[in-house]
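Below: one structure, written as structure tokens.
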Amino acid sequence: MTGGGRWLSPEDSGRVLDSGAARVDGDAAAARVLVDPGSGGLVVHAEGGAPHRLALDVVFPVMHGWGGEDGRLQGLLDLALIPCVGPGVLGSAVGMDKQVAKALFEQAGIPVGPWRALHRGAWEADRAAHARRLVAELGTPLFVKPANGGSSVGISKVRAPEEIDAALALAFSLDRKVVIERGLDAREIECAVLGNDRPAVSVCGEIVPSREFYDYASKYQDGTSRLAIPAPLDPGVSDRIRALAAAAFRALDLSGMARVDFFLEKADGGVFLNEVNTLPGFTPISMYPKLWEASGLPYPDLLARLIDLARERFEDAGSRRTRRD
């Protein structure tokens, strides 16, 4: 997909992947991708060429953020009756929306840290009142995040009350609602979950950020944050976190895979679920494949298992998934 949100033809996509480019800007080589419901494939119309049908056995999405891991792509593939790696429409959508996900976690009895949600319209009606209320209820430091987003884009750490308005303005520039969370003095622990109805959970890993918090640069650019796998935890704490990871996976009705992130408070050992990532990174420094490798599942076997799970979920859907010849 280009920087402008347009799709590329399979041939152009292959050339981009071979070049190692991290981003494609411009729409000159964009292709139109049309859904042919029930066909088991898509119709691709590259500029300057004739439309042709692209039959697909299974799709492994590697498109993060809007349109890739929020249920939109999954819905497109569902209409075409193409198996897709990872959660389906519902799980992807609620996993992307931090407000909805936190509400579901709380309903399932999974501990989450103190948080609030705020819509842009309410904020614009009385910015000062909302700023005062959030600081009074959550204290500082706190974190302000777009409700729908990932990779720490648009996230601000608010250290003093006078910083909250700018943090809210940044988050609202990216989303119509934001989530505000109390800052915790905690370690960052992550688990990888794999499966459908009977999910397996990896060993725990720990992120040791090179910056004040695990922001976009720490994740993707400087490579200086440290991963401790397995995390140095007491067995009882590790078992509890892994059990909560499986519970979170079920609470959002997920399938295939997810990375589940926790906070472990340094003072008293309290465990709080931070968020679930339904399409975790698969780069050489990414936590998800590293956790499974440490759990005895090598990278090639992990990919094969994910594809098998996608096919399994597709077949379990039953008669409503009858492809048209």
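A search for C-beta distances below 7 Å between a residue of region 125-139 that is touching a residue at least 40 places away in the same chain (Cβ under 8 Å) and any residue that is of a type in the set (Lys, Arg) and surrounded by fewer than 19 Cβ atoms within 10 Å (Cβ to Cβ), counting only pairs 6+ apart in sequence or on different chains, returns LEU134/ARG116; LEU138/ARG116; LEU138/ARG182; GLY139/ARG182. Among the residues of region 144-164, just one is within 19 Å of LEU184 (Cα to Cα) and in contact with a Gly (Cβ under 6 Å, 6 or more places away or on another chain), namely PRO146. Look at (1) under 17 Å from ARG198 (Cα atoms); (2) assigned to a strand (DSSP E or B) and you find that ALA245 fails only one, number (2). Checked across region 125-143, the condition of being touching a Gly at 6+ places or on another chain (Cβ under 9 Å), crowded, with 22+ Cβ neighbours inside 10 Å and among the polar types (S, T, N, Q) holds for no residue.
Look at region 276-296: where a residue is farther than 24 Å from ARG250 by Cβ and open to solvent by less than 10 Å² (accessible area, probe 1.4 Å), no partner that is of a type in the set (A, V, I, L, M) and in a helix (DSSP H, G or I) sits 6+ places away or on another chain with Cβ atoms under 6 Å.
Each residue in region 114-140 was checked for being in a helix (DSSP H, G or I), within 16 Å of GLU181 (Cα to Cα) and out of contact with any Leu (no Cβ under 9 Å at 6 or more places or on another chain), and 5 pass. For ALA304, the conditions (1) over 22 Å from ARG226 (Cβ atoms); (2) modelled with pLDDT under 95; (3) loosely packed, with under 15 Cβ neighbours inside 10 Å are fulfilled apart from (2).
Among VAL237, VAL260, VAL193, VAL203, which is open to solvent by 10 Å² or more (accessible area, probe 1.4 Å), closer than 30 Å to ASP316 by Cβ and modelled with pLDDT of 95 or more?
Residue meeting the stated conditions: VAL203.
Looking only at residues in region 65-99 that are touching a residue at least 40 places away in the same chain (Cβ under 8 Å), in a helix (DSSP H, G or I) and open to solvent by 10 Å² or more (accessible area, probe 1.4 Å), which one is farthest from THR278 (Cα to Cα)? This residue is LEU79.
The values are calculated or read from the model by the stated rules, or taken from the named source; none is laboratory data. Predicted model only: the values in this text are computed from it and were never measured. Counting neighbours? That spans all protein chains shown, and the Cβs are built from the backbone with ideal geometry, glycine included. The protein model used for the area step is the full one, side chains on, heavy atoms only, and it has no ligands, DNA or RNA in it. Shrake-Rupley method; radii C 1.70, N 1.55, O 1.52, S 1.80 Å.
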